[in-house]
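A quick write-up on the structure given underneath.
The values are calculated or read from the model by the stated rules, or taken from the named source; none is laboratory data. The structure displayed is predicted, hence computed values, not measured ones. Note that we place each Cβ from the backbone using ideal geometry, even for glycine, and neighbour counts take in every protein chain shown.
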Amino acid sequence: MKKILLALLPFFTYQILNAQEHVIGNTTLTEREVVNGLDVPWEIKWGPDDYLWITEREAGTVSRINVENGERHVILDLSSIIYSPQYAEAGLLGMEIHPEFNNGAPYVFLAYTYGNNNPKERIVSFEYDSTNDQLINEDILIDSIDAATTHIGCRLLALDDLTMLITTGDAQQVENSQNPNFLTGKTLRISINHIDGSFGDVPLDNPIQQSYVYSIGHRNSQGLALGPNNIIYSSEHGADTDDELNIISMENNYGWPDVEGFCNYASEIEYCNNNDITEPLWSSGTQSTIAPSDIIWYDHPSIPEFQNTLLMSVLKDKKLVRFKFSDDGQTMTEEDDFFVNTWGRLRDICVSPDGKIYIATNGNSWPSQGPNEIIELSNEAYEPVAITENSISLNIYPNPIYSNGALTIDIPNSNQVVEITDLAGKLIISEKMKNQQIQLDGNLSKGTYILKVGNLNSKLIIQ
Ligand SMILES: [Ca+2]
Ligand SMILES: [Ca+2]
Ligand SMILES: [Ca+2]
């Protein structure tokens, strides 16, 4: 018995040292370090293969990480190509995974700087070779964008219409942000449609024919996130004042370098009126900056305090900011800080399908004096809605049903709200019945769901 206790001791000590708890409202989040000792993690994405995909800015590598055991496999090494000086912001930066990765389009997009004396930025795609666990066949999509040691943008966001948005910084040539002939200081939009032959081309409905330019007047945007109602939110670094949170729309002008933050100074107001400048939803104010990096829209029920809010990882002020919005998503209504000075500078954030949050840290001081790690935050008390054959207590038909069918729910009071969640408990549809029916609008992909009315529920199959 004594022997067993001794054998167990190191294990428990390890657990206590590495598990920490954070109370947020009514939820206790458990902190766990997934991996440490990285060479400036810049992008983290939850992959369609249930691995965490990361880029490391200075090392120039892409890796897949098994979050259960922290095992990391380098699947691409661009160290011989990239320009990544130590005291700078350049290197291997943004990454995006094709929305149809598991469906015939195993493409991974990267943004990086290259060329030592006259640095440029390029946007490329690679194919994932699952047999050898490597990225292969580089295809340069946009080449020779002006770069610099800092202000390079490089956040990528693929959308369901098979286009991808790309942020570029002003590359320290501030006036070019207002000039549509330059690709710097912009949001760009490119086709990633692998079916119609337009992959890599300028989408036909871009505002300027044969130009990737989608919006202008940006300084250095390093956050892009898709929110409800197809709203594209973007975070942006200010110079000495006015970091911004914007809604990105086609053809808009966001003001830089002539306007910082809101149109609130006399000179700005005139410029704003003459040039139809789009103001931000939020600014860090006219006194200081916080250095916002990535943003995500968190919509999972496992952390109710964060559900349906925008989370922003912040570098200089070393915190996570939660933004709440009006129902239409157009107005910011509340701003709250979390984890201030807890893990140093927070570069990037992503969420797994079961609602766990992953944060990439970039050390305590600029540019990268460790720790450079990835932290997991989870609500261990959360129990996803589980259902067994026995607990079916509601008659619905037809079942299975097509994703755009009319579903009848056999319940006497027909004014109740119907909730449809996936098996992880994520709410997808919440709608009032009409005449004991709801009309599905094609938004549910094939699979199994849980339909709930009050405390009754049933398994629902979409075919
Ligand atoms: Ca990310
Ligand atoms: Ca602006
Ligand atoms: Ca201003």
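Observations, loosely collected:
- Residue match in the stretch 167-187 (condition: among the acidic types (Asp, Glu), assigned to a loop (DSSP other than H, G, I, E, B) and within 21 Å of Thr289 (Cα to Cα)): yes
- Subset of the stretch 206-236 (residues that are more than 16 Å from ligand 1 (Cβ to nearest atom) and more than 23 Å from Ser144 (Cα to Cα)): Pro228, Asn229, Asn230, Ile231
- Residue check for Pro280: touching a His at 6+ places or on another chain (Cβ under 9 Å), closer than 30 Å to Ile269 by Cβ and of a type outside the set (D, E, K, R): no
- Residue within the stretch 388-407 that is under 28 Å from Glu68 (Cα atoms) and modelled with pLDDT under 85 present: yes
- Sole residue being more than 10 Å from ligand 3 (Cβ to nearest atom), buried (at least 16 other Cβ atoms within 10 Å of the Cβ) and acidic (Asp, Glu), chosen from Glu270, Glu236: Glu236
- Count of residues meeting criterion [within 23 Å of Asp299 (Cα to Cα), surrounded by 14 or more Cβ atoms within 10 Å (Cβ to Cβ) and among the β-branched types (Val, Ile, Thr)] in the stretch 394-421: 3
- Selection within the stretch 239-254: residues that are assigned to a loop (DSSP other than H, G, I, E, B) and without any contact (Cβ under 8 Å) to a residue 40 or more places away in the chain. The member of this set that is nearest to ligand 3 (Cβ to nearest atom) is Tyr254.
- Here is the figure for the stretch 255-284: residues that are in a loop (DSSP other than H, G, I, E, B) and either under 26 Å from the mean Cα position of the chain (by Cα) or farther than 16 Å from Thr241 by Cβ (or both) total 11.
- Among the residues of the stretch 422-453, the one identified as surrounded by 15 or more Cβ atoms within 10 Å (Cβ to Cβ), more than 23 Å from Asn308 (Cα to Cα) and not hydrophobic (A, V, I, L, M, F, W, C) is Gln436.
- Which listed residue, of Ile349, Ile295, Ile277, Ile357, is within 16 Å of ligand 3 (Cβ to nearest atom) and of a type outside the set (Lys, Arg): Ile277
- Residue in the stretch 208-223 that is without any contact (Cβ under 8 Å) to a residue 40 or more places away in the chain, closer than 24 Å to Glu96 by Cβ, of a type in the set (Val, Ile, Thr) and surrounded by fewer than 17 Cβ atoms within 10 Å (Cβ to Cβ) present: yes
- Listed by first and then second residue, the pairs linking a residue in the stretch 132-160 that is without any contact (Cβ under 8 Å) to a residue 60 or more places away in the chain to a residue that is within 16 Å of ligand 2 (Cβ to nearest atom), with Cβ atoms under 7 Å apart and 6 or more places separating them unless they lie on different chains, are Ile145/Thr168; Ile145/Thr184; Asp146/Thr184.
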